[in-house]
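**Q** Quick one: the structure is below, and I'll ask about it shortly.
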There are 2 protein chains.
Amino acid sequence: MALIVQKYGGTSVGSVERIEAVAAKVAERRAAGDQMVVVVSAMSGETDRLLNLARAIQQPPSPRELDVLLATGEQVTIALLSMALEALGCPARSYTGAQVQVLTDSAHNKARIRDIDGERVRTDLSAGRVVVVAGFQGIDEHGNITTLGRGGSDTSAVAMAAALKADECQIYTDVDGVYTTDPRIEPRARRLARITFEEMLEMASLGSKVLQIRSVEFAGKYRVPLRVLSSFTAGEGTLITFDEDASVEEAKIAGIAFARDEAKLTILGVPDQPGVAHRILGPIADANIEVDMIVQNIAADHKTTDFTFTVQRGEYERALQLLKQTAATLQAREVQGDLNIVKLSLVGVGMRSHAGIASKMFAALAQEGINIRMISTSEIKISVVIDEKYLELGVRTLHEAFGLDVG
Amino acid sequence: MALIVQKYGGTSVGSVERIEAVAAKVAERRAAGDQMVVVVSAMSGETDRLLNLARAIQQPPSPRELDVLLATGEQVTIALLSMALEALGCPARSYTGAQVQVLTDSAHNKARIRDIDGERVRTDLSAGRVVVVAGFQGIDEHGNITTLGRGGSDTSAVAMAAALKADECQIYTDVDGVYTTDPRIEPRARRLARITFEEMLEMASLGSKVLQIRSVEFAGKYRVPLRVLSSFTAGEGTLITFDEDASVEEAKIAGIAFARDEAKLTILGVPDQPGVAHRILGPIADANIEVDMIVQNIAADHKTTDFTFTVQRGEYERALQLLKQTAATLQAREVQGDLNIVKLSLVGVGMRSHAGIASKMFAALAQEGINIRMISTSEIKISVVIDEKYLELGVRTLHEAFGLDVG
């Protein structure tokens, strides 16, 4: 008997028929003897419907009230899935984030989970019930409803698996696993049977939209075995493993990730003195804007520095305003921005033991005439910022250069 | 400065535009210096949409999960109304039933309020915020989401007004007050400027669908001044008063109520002995079926008794099954039922001091050839059960006979 946490996304529960299909799958597994906890998202389309209502009334909507509104999406799904399970004779009970005490911080619309009380869930499991939990939502210490932001249901599932010390956390989605890159861009992309936790973290954070990054972080922190599977087709999916040797079938590179909705901001001619990075990024962080790549160069005059970073495109305008204020305070020369960029990343734990990967990457891109605007590296990934128009060409070039193509 | 609790029903918050109109009305009153608490229902159509989803999955839906599902309806409205208030520069904060601790019993789908914690609301009011509360819903002592049943938002509003010791509880609806009878049946029906609490209780319970009966009971118990108003037209509405002398402008009769969805059950030839009424109605009550009128006659043989009662038409089949079991146990002769009946009631505190009202009522009906199948009286009302086909004729006949017509 295993304790399994499964998570089904919006598409998987997008209609009455699909909810019934999920119920059948869950009931079958429970009948086979496993204890089942199911975390679900809002039915596909529901979150957008609610967002449109909110936006028709207030622009931007109050973050606190938006969470109250959006949390209803998953609440509908948990009730319907529990009914579908009971209709199959499988005892079930639904819980909202508040009811199972998914305690988060108070950052509305992008809250982070601090703790989950697994007691209530364990009681139900012991009584033979399937427990259906609303993903994406929690409460803060004052009892306000919070949401984790889009994709947060993955994090809810992993956090629940960690709290319950589940044997496996299975994320059901509309793809059948993690691929070497997005098959819509490179049709020869391959499904990976395994990927290491660290690689997955880089793949997810860099835009392979299979799993939300925070859920992978959580899985890593609490060592929750994580599996990505398709709701619609059979198959083993991709297992995210902690065993590096078992990963990636001897390839050096796990895959090529990319992020489309990036924007670049540069502050030029900043006096080069200690603490300047903090003075530039502090206001950005205070405004809860996530910064991705950061690069700093000494300028030609050797007395000032140029400082570049990327943010999500949706945060660009806010970040630009803040940066202009900082530039005035610091007496910097100029602020520049670019909305038409993307990030391309090569990811693989194999980089640790193999040299020459970066130069091979740069050479492959150069051969196609793709200009590199920014470079950033870590132990297991190399990221470059390029013009948006080269995205598809860049992905396909690297996919072939590193031998990731099928067959 | 007054503390006002207002309640807006589903039609009043049925669209973005209507929610904005409610917000404008609330904000104006707050700007004039009042402290405002607003209780809202689900947007019209939403509860039916959710019910249809549930019924497509499970028949009948699990009561616990149905409450989880339906509670989302009001949660959407509180978020949207709070946004609309903030968009007008009026600080507002929304709360679900669980968040303000609307503690109920555990009778899912028809729970009763036990207690409300007004502390959190008072804190917000003191800080100058409008408080927007989800009607219709609460939680039980185990933290399960409960709902009060259709129309329960009125009760939520009155209970909130009682907990806060509000100066007035104003129920906004799609009618502009309480009428002498339903204007759709008798166009000459008049709006009452005032009505006593007791009369209102009889009018509501007897089918004048303006206010939910439980809300009137609550108002009576906690002496909450209650006013019914229209969301769509200006006017003073109808004040429900505790002062009998101030009521009904010297008329003996406040109005004529009726209940369309009644059904009648009769058990014939029951041995006439002490405790028999309890043995007949006990199982019905245990099944949570509400019994309305009860009449008991001695049968012709003087050894047995006939026992008749009415229930809501929707409960008829369940009640019939239970009654047949009871009949077998008690060795009663026969069980009869009738689905095609309605109840007509004359209501007025004036009955206390005026004789002859009942006979005048029976005479008026007899003159039109309307046969009376059951009679039940109380201090301030006389109810008769008649064939459904005579409903409209009966209402108009009594309305004229008791001088209630306009002008």
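**Q** Work out how much length A:Asp261 to A:Ala24 would gain on full extension: take 0.36 nm times their residue separation and subtract the Cα-Cα distance, in nm to one decimal.
**A** Between A:Asp261 and A:Ala24, full extension yields an extra 81.5 nm.
**Q** Here is a follow-up. Based on the Cα atoms of the protein assembly as shown, what semi-axes does the equivalent ellipsoid have, where each is the square root of 5 times one gyration tensor eigenvalue, given in whole Å with the largest first? Let's see the in-between values first.
**A** On the way: eigenvalues 832, 212, 73 Å².
Semi-axis lengths for the protein assembly as shown are 64, 33, 19 Å.
**Q** Something else: Suppose we consider the axis relating copy B to copy A; can you name the residue of B with the nearest Cβ and state that distance in angstrom as an integer?
**A** Here the nearest residue and distance are B:Thr72, 2.
**Q** Pop out the Kirkwood hydrodynamic radius of the range A:3-174 from its pairwise C-alpha distances, inverse of mean 1/r, in Å to one decimal.
**A** 15.7
**Q** Across peptide B:67-79, how many C-beta atoms of other chains are within 10 Å of each residue C-beta, on average? Can you show the working numbers first?
**A** Values: counts 2, 14, 10, 2, 5, 9, 2, 1, 6, 10, 2, 3, 16.
That average works out to 6.
**Q** Okay, moving on. May I ask for the accessible area buried between chains B and A, both sides summed, probe 1.4 Å, to the nearest 100 Å²?
**A** It comes to approximately 3200 Å² buried between B and A.
**Q** Ok, one more. For B:Asn109, what residues show an amide H to amide H distance below 5 Å, using hydrogens built from the backbone and excluding near sequence neighbours?
**A** B:Thr147
**Q** Report Rg (one decimal) and Dmax (nearest whole number) for chain A, counting Cα atoms only, units Å.
**A** Considering chain A through its Cα atoms, Rg and Dmax are 22.7, 76 Å.
**Q** Sticking with this one: Applying 1/(1 + (r/R0)^6) with R0 = 41 Å to the Cβ-Cβ distance of B:Ala328 and B:Ile375, what FRET efficiency is obtained, to the nearest 0.05?
**A** Working from the Cβ atoms, E equals 0.90.
**Q** Right, here's the next one. Using amide H atoms built 1.01 Å from N in the peptide plane, name the residues 5+ places from B:Ala193, or on other chains, whose amide H lies under 5 Å from its own.
**A** Counting only residues 5 or more places away or on other chains, the set is empty.
**Q** Quick one: with label points 7 Å out along Cα→Cβ, list the inter-copy distances for B:Arg122 in nm, shortest first?
**A** 3.8
**Q** For the pair B:Glu119 and A:Ala193, what calculated FRET efficiency results from E = 1/(1 + (r/R0)^6), where r is the Cβ-Cβ distance and R0 = 56 Å, to the nearest 0.05?
**A** So, using R0 = 56 Å, E works out to roughly 0.50.
**Q** Now, a different point. Work out the charge dipole of the range A:257-401 with +1 on the Cβ of Lys and Arg and -1 on the Cβ of Asp and Glu about the Cα centre, then indicate which of A:Gln325, A:Val395, A:Pro274 is farthest towards its positive end.
**A** A:Pro274
**Q** Between the helical axis of A:276-286 and the dominant principal axis of chain A, each derived from Cα atoms, what acute angle in degrees is found, rounded to the nearest 10?
**A** The two axes meet at around 30 degrees.
**Q** If you take the charge dipole of chain A about its Cα centre, with +1 on Lys and Arg Cβ and -1 on Asp and Glu Cβ, which of A:Ile116, A:Val406, A:Leu80 is farthest toward its positive end?
**A** A:Leu80
**Q** Tell me the Rg and the Dmax, in Å, that the Cα atoms of the range A:292-355 produce.
**A** Here Rg and the maximum Cα pair distance are 15.6, 45 Å.
**Q** Between A:Asp243 and A:Ala2, how many nm apart are label points set 7 Å from Cα along the C-beta direction?
**A** 1.4
**Q** Just want to confirm a number: the relative contact order over chain B, from Cα pairs under 8 angstrom separated by 6+ residues, in percent.
**A** 13 percent.
**Q** Suppose a student asked you for the relative contact order of the range A:257-401, using Cα pairs under 8 Å spaced at least 6 residues apart; what percent would you report? Could the numbers behind the result be given before it?
**A** Working: 245 pairs, mean separation 41.9, N = 145.
This gives 29 percent for the range A:257-401.
**Q** If you place +1 on the Cβ of every Lys and Arg and -1 on the Cβ of every Asp and Glu, how big does the dipole about the Cα centre of the range A:257-401 come out, in debye to the nearest 20?
**A** Magnitude of the dipole: close to 180 debye.
**Q** How large is the dipole of chain B about the Cα centre if only Lys and Arg carry +1 and Asp and Glu carry -1, each at its Cβ, rounded to the nearest 20 debye?
**A** Dipole of chain B, to the nearest 20 debye: 220 debye.
**Q** Another question about this same structure. When all C-alpha to C-alpha distances in the range A:257-401 are sorted into bins of 5 Å, what percent of pairs does each bin hold, rounded to whole numbers?
**A** 2, 9, 19, 18, 18, 14, 11, 7, 2, 0
**Q** Amide H to amide H under 5 Å from A:Met43: which residues, 5+ apart in sequence or cross-chain, H placed 1.01 Å off N in plane?
**A** A:Thr77
**Q** Also: Please work out, to two decimal places, the log10 of the ratio I(q)/I(0) at q = 0.10, 0.12, 0.24 Å⁻¹ from a Debye calculation in which every Cα of the range A:1-101 carries one identical scatterer.
**A** The Cα Debye sum returns log10 ratios of -0.32, -0.44, -1.25.
**Q** Here's a follow-up. Distances from B:Asn371 to the same position in the other copies: list them in nm, one decimal, shortest first, using label points 7 Å from Cα along Cα→Cβ.
**A** 9.7
**Q** Would you mind listing how long the range A:224-332 runs along its three principal axes, going by Cα atoms, in whole Å with the largest first?
**A** So the three principal-axis extents are 59, 29, 24 Å.
**Q** Here is a further query. Quick one: what are the phi-derived ³J(HN,Hα) couplings along the range B:389-404, Karplus 6.51/-1.76/1.60 with θ = phi - 60°, whole Hz, x for glycine and proline?
**A** Karplus values, whole Hz, x for Gly and Pro: 5, 8, 3, 4, 4, x, 4, 5, 4, 5, 4, 6, 4, 9, x, 8.
**Q** Right, next: Which of the listed residues, A:Met374, A:Ser230, A:Pro60, is farthest toward the dipole's positive end in chain A, when Lys, Arg count +1 and Asp, Glu count -1 at the beta-carbon?
**A** With unit charges placed on the Cβ atoms, the residue in question is A:Pro60.
**Q** If you take the beta carbon distance between B:Ile185 and B:Glu236 as r and set R0 to 25 Å, what does 1/(1 + (r/R0)^6) give as a FRET efficiency, to the nearest 0.05?
**A** E between B:Ile185 and B:Glu236, to the nearest 0.05, is 0.55.
**Q** Averaged across A:137-148, how many Cβ atoms of other chains sit within 10 Å of each residue's Cβ atom? Mind dumping the intermediate values first?
**A** Details: counts 0, 0, 2, 0, 0, 2, 7, 4, 7, 0, 0, 0.
Other-chain Cβ atoms within 10 Å of each residue's Cβ, averaged: 2.
**Q** Using a 10 Å cut-off on Cβ to Cβ distances, tally the other chain neighbours for every residue of A:90-98 and report the average as a whole number. Walk me through the intermediate numbers first.
**A** Numbers: counts 0, 1, 3, 5, 8, 4, 7, 0, 6.
Across A:90-98, the average partner-chain Cβ count within 10 Å equals 4.
**Q** Hey, what do the phi angles of the range B:212-219 turn into as Karplus ³J(HN,Hα) couplings, whole Hz, using 6.51/-1.76/1.60 and θ = phi - 60°, x for Gly and Pro?
**A** These are the phi-based 3J(HN,Hα) values: 6, 4, 5, 5, 6, 4, 4, 4 Hz.
**Q** Something else: For the range A:3-174, what relative contact order do you get, as a whole percent, if you take Cα pairs closer than 8 Å and at least 6 residues apart?
**A** 30
**Q** Return the Cα extents of the range A:78-156 along principal axes one, two and three, sorted largest first, each rounded to a whole Å.
**A** 40, 23, 18
**Q** May I ask you to give the solvent-accessible area per residue for the protein assembly as shown, in square angstrom, as obtained with a 1.4 angstrom probe?
**A** 41
**Q** What gaps in nm, shortest first, separate A:Asp387 from its twins in the other copies when you place the label 7 Å past Cα toward the beta carbon?
**A** List, nearest first: 8.8 nm.
**Q** Which residues does a label at A:Glu168 reach in the range A:2-32, if reach means a backbone N under 17 Å from a point 7 Å past the Cα toward the Cβ?
**A** Output list for this probe position: A:2-8, A:25-32.
The values are calculated or read from the model by the stated rules, or taken from the named source; none is laboratory data. Everything quoted here is computed from the prediction, not taken from an experiment. Using ideal geometry, Cβ is built from the backbone for each residue, glycine included, and neighbour counts are taken over all protein chains shown. SASA here: full protein model, heavy atoms, side chains in, ligands and nucleic acids out. Shrake-Rupley method; radii C 1.70, N 1.55, O 1.52, S 1.80 Å.
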